[in-house]
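Student: Here it is, the structure in full.
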Amino acid sequence: MAYESLSHLYRRDEHQWRAEHERRRTSPMTRHLNFILQEYGRTQTYPAFYCYTEELALLQEAIGRDFTALLGHIAHVPTAGIDQFLHTCLVQEILATNAIEGVHSTKREIRAAMETAPADRLRMRLGGVVNKYTRILQGEEVALGTPADLRALFDTFIADEIRRADPANLPDGSLFRKGSVDIVSPSQKTIHRGSYPEEKIVRDMEQALALLHEEQMPLLYRIAIFHYLFGYIHPFYDGNGRMSRFITTYLLAREFHPTVALQLSLLIKKRRKGYYKLFAETTSSLNCGDMTPFIIGTLHFVHEAIDYTAEVLAERLQRYRKYHDIVVADVNDKTMRGVYDVLLQASVFSDVGATVSEIARTLDKTETTIYAKLKHIPEAHIYQNRTSRPYHYMLRTEPFDEGNAHK
């Protein structure tokens, strides 16, 4: 049976709500957390807790099973293809996390930052954001041990974007904001007030980080709890949502695979109403500090990300194999066969194609060699994307569907 939130139960039966709250609070299957929650405008506070339930156990089982299946698909994707797919996912993730906050960005400017050297990238719009997300793909570690680490992440990740938009929204405290901040509804009604003053922000964040690193709790639960608490504390004037989603993406990439983690903001954007409802219900005084529904909701997001990624990769793998048999397998020249293969991977797994340097790196050839091979590919077989430099190339698959291609 699905786990019912206490706030939902209250609206149905107040007497049962009181009894159920007491049952959950005192259950041996309940984990009590060192954090106090308070709804805006209410005097009552509640210690946070969650319950170990059958629903959570089954969700974890399904996540593990389906992730194993996903790894099987990933193992069959060629190296260039998985790199191209990851870079496409990265662009979509940044677009989505910005769009959730009403921040306009384009694929072209994100791609431009991605294709710029890291030292020069930081001078560009979205340079810091792209830099941090790219490092997720490279497996680099992000320090998340102390409040000072979070401020350092803010400074390198998103401070430049906020400075460009409104310098007044940069943090003015020793680590976080000095002033109060309200989260308001579309009608400008205050629905939550972040922790205040800064001393409390620091204390609350220390408690949240301690929970994130509490190894006696399941990791996915910790990730969900920290994601919620970061939004609850709201340590900065601006950028909190993008920060918390980046941290969650980073943690999921380390636990699972970047292909899964880079679906997070896309799914949140798609399910935005339900996502914000989870936050509101968890904070509600009628919920009495029960974080179980938020954890369940987060695990559903993770499960959906895994299943979606598996479905997409399975479909693209099928397409890749089809055209590989038709187009690539019969090319006699080994280097040309490799070029055709990388171009096919770019067509199937990327939304922009592969650059000459990427093709050369994949095949361990010089760029001069690749340019020479590209010149010998019929124009009908190759698409050149000139929207930005360096140019990108991919195989046109339509002629081969028609059965009139000549390799």
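Every read-out reported here was derived from the displayed coordinates using simple, explicitly stated rules and does not represent laboratory data. Quick caveat: nothing in here was measured; it's all calculated off a predicted structure. Positions of Cβ are backbone-derived with ideal geometry, glycine not excepted, and every protein chain shown enters the neighbour counts.
Student: Sticking with the crude label model, points 7 Å out along Cα→Cβ, report the distance from V331 to L71 in nm, one decimal please.
Tutor: 3.3
Student: Near the amide H of I183, under 5 Å away, which other amide H atoms are found, from residues 5 or more places off or on another chain, if H is placed in the peptide plane?
Tutor: Amide H neighbours of I183: I191, H192, R193, G194.
Student: Can you spot the aspartates and glutamates whose alpha carbon is less than 18 Å from K373's alpha carbon? Ignore those fewer than 8 places along the same chain.
Tutor: D330, D333, D341, E358, D364
Student: Still on this structure: Within the range 320-334, which residues have the backbone N less than 18 Å from the label spot 7 Å out from T369 along Cα→beta-carbon, could you tell me?
Tutor: 331-334
Student: Given points 7 Å out from each Cα along the Cα-Cβ axis, report the T79 to H376 separation in nanometres with one decimal.
Tutor: According to this spin-label approximation, the distance is 2.3 nm.
Student: Report the local net charge at K107: Lys and Arg +1, Asp and Glu -1, summed over other residues whose C-beta lies under 13 Å from its C-beta.
Tutor: My count for the surroundings of K107 gives -2.
Student: Let me ask another. For the cross-link pairs K189/K270; K200/K270; K132/K269; K132/K375; K132/K178, which exceed 30 Å when the distance is taken from alpha carbon to alpha carbon?
Tutor: The pairs that break the limit, which is 30 Å between Cα atoms, are K200/K270; K132/K375.
Student: Once every DSSP H run of n ≥ 4 in the chain is given -39500 (n - 2.57) and the sum is divided by its residues, what mean residue ellipticity at 222 nm do you get, rounded to the nearest 500 deg cm²/dmol?
Tutor: After summing the helix terms and dividing by the residues of the chain, the value is -18500 deg cm²/dmol.
Student: If you don't mind, another one. Percentage of Cα-Cα pair distances in the range 1-157 greater than 24 Å, rounded to whole percent?
Tutor: Value for the range 1-157 (Cα pairs over 24 Å): 61 percent.
Student: Only sites in a loop by DSSP and with at most 14 other Cβ atoms within 10 Å count here; which trypsin sites (Lys or Arg not before Pro) in the range 1-69 make the cut?
Tutor: Sites meeting the loop and neighbour criteria: R42.
Student: In addition: Give the dimensionless ratio obtained when the Cα radius of gyration of the chain is divided by 2.2 N^0.38 Å.
Tutor: This ratio for the chain stands at 1.13.
Student: Moving on to the next point. Hey, what do the phi angles of the range 40-51 turn into as Karplus ³J(HN,Hα) couplings, whole Hz, using 6.51/-1.76/1.60 and θ = phi - 60°, x for Gly and Pro?
Tutor: 4, x, 10, 8, 5, 10, 9, x, 6, 7, 9, 10
Student: Where Lys and Arg each count +1 and Asp and Glu each count -1, what net charge lies around R163 among other residues with Cβ under 12 Å from its Cβ?
Tutor: -3
Student: Return the distance in nm (one decimal) between the two label points of a simple spin-label model at L144 and A99, each offset 7 Å from Cα along Cα→Cβ.
Tutor: 2.5
Student: Out of the DSSP beta bridges found with both residues in the chain, what percent are antiparallel (nearest 5)?
Tutor: 95
Student: What do you get for Rg/Rh of the range 101-237 when both radii come from the Cα atoms and Rh is the Kirkwood radius?
Tutor: 0.99
Student: Continuing with the same structure: Filter the trypsin sites (Lys or Arg not before Pro) in the range 178-232 to those in DSSP coil with at most 10 other Cβ atoms within 10 Å of their Cβ, and list the result.
Tutor: Here the sparse-neighbourhood loop sites are K189.
Student: From the C-alpha coordinates alone, can you work out the Kirkwood hydrodynamic radius of the range 330-401, in Å?
Tutor: By the Kirkwood definition, the hydrodynamic radius is 12.1 Å.
Student: Report Rg (one decimal) and Dmax (nearest whole number) for the range 208-275, counting Cα atoms only, units Å.
Tutor: Considering the range 208-275 through its Cα atoms, Rg and Dmax are 12.1, 33 Å.
Student: OK, next. Which angle between 0 and 90 degrees, to the nearest 10, do you get for helix 219-233 versus the longest principal axis of the chain when only C-alpha atoms count?
Tutor: Roughly 70 degrees between the two axes.
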